[in-house]
Amino acid sequence: MKQIALDIGLSTGPTLANFCAGPNEAALRHLELWIGAKSSAASRSPVPTYFWGPSGSGKTHLLKAAREALREQGARMGWLDASTLDAPEFSESWAAVVLDDVHLYTAAQQQTAFNWFVNAQTHQKPVLAAGELPPADLKLRDDLRTRLGWGHVFAMHMLSEPERRAVLRQSADARGVFLSDEVMDFMLTRFSRDLGSLMELLELLDCYSLQTKRPITIPLIKSMMENA
């Protein structure tokens with residue numbers, strides 16, 4: 001049975017509040033302490049933090065949540081991921097530097113990341129980074145790889161199926177939506193299993209159910225996909 005990958009993001013946007021930690025509780029608590037309050041920004045630790053783990057384990061969610069939290073505090077940060085083609089010069093006005101999907105960086109992106117990292121250290125600005133591999137296994141230039149590994153390093157883990165089921169059930173209950181075990185089995189076997197995609201699917205199903213005035217069933221899911 002072929003899985004359908006939903007390449008769409010959470011419409012509400014990643015935040016620390018909607019991050020389902022599961023086995024990644026330590027990473028979440030570390031980031032909560034790191035963000036702190038606006039009044040503590042000047043004393044925020046400049047020691048870098050690196051999250052690593054498989055796709056769908058929540059790495060990018062945490063980085064985007066940190067970016068949003070800093071924005072709410074009125075701060076700006078430099079953001080670099082594998083899709084960034086024209087990265088800006090490092091700015092002393094940034095509160096932090098964020099490097100996502102470092103395992104996919106081109107030579108040019110590695111040069112930008114190294115430049116940002118060195119400037120961040122010079123100006124006592126923290127660095128948050130994420131990749132699929134532990135620092136020692138990254139196929140990156142040595143000076144960047146070693147910098148990614150000298151601070152706080154957290155291994156990120158996928159939620160187990162019972163944990164994903166529990167989160168889906170809790171989110172559905174919060175929406176006043178009933179998900180039968182049959183529907184949940186279908187969602188977990190036919191669609192991308194990472195939690196972000198599943199939560200987005202739940203939101204789409206809720207909206208489609210309200211529009212069509214039909215309960216969420218397997219036929220309704222198939223109908224929604226056929227009309228997407």
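Remarks
- Only listed residue being under 23 Å from F19 (Cα atoms) and in contact with a Leu (Cβ under 8 Å, 6 or more places away or on another chain), chosen from A82, A87: A82
- Only one of the numbered conditions (1) surrounded by 12 or more Cβ atoms within 10 Å (Cβ to Cβ); (2) modelled with pLDDT of 90 or more is violated by S171, and that is (2).
- Counted residues, segment 100-115 - those being free of Cβ contacts under 8 Å to residues at least 40 places away in the same chain and either among the small types (G, A, S) or open to solvent by less than 30 Å² (accessible area, probe 1.4 Å) (or both): 6
- Failed criterion for D137 (all others in (1) open to solvent by less than 30 Å² (accessible area, probe 1.4 Å); (2) at pLDDT 95 or above hold): (1)
- The lone criterion from (1) within 18 Å of A155 (Cα to Cα); (2) aliphatic (A, V, I, L, M); (3) buried (at least 22 other Cβ atoms within 10 Å of the Cβ) left unmet by A21 is number (3).
- Residue within segment 9-23 that is at pLDDT 95 or above and either of a type in the set (V, I, T) or part of a helix (DSSP H, G or I) (or both) present: no
- Residue within segment 156-164 that is assigned to a helix (DSSP H, G or I), acidic (D, E) and touching a Gly at 6+ places or on another chain (Cβ under 6 Å) present: yes
- Residue check for L195: modelled with pLDDT of 85 or more and open to solvent by less than 70 Å² (accessible area, probe 1.4 Å): no
The values are calculated or read from the model by the stated rules, or taken from the named source; none is laboratory data. Since the structure is predicted, the reported quantities are computational estimates derived from the model, not experimental observations. Every residue, glycine as well, gets a Cβ built from its backbone with ideal geometry; the counts of neighbours run over all protein chains shown. What goes into the accessible areas is simple: the full protein's heavy atoms, side chains included, and nothing from ligands, DNA or RNA. Shrake-Rupley method; radii C 1.70, N 1.55, O 1.52, S 1.80 Å.
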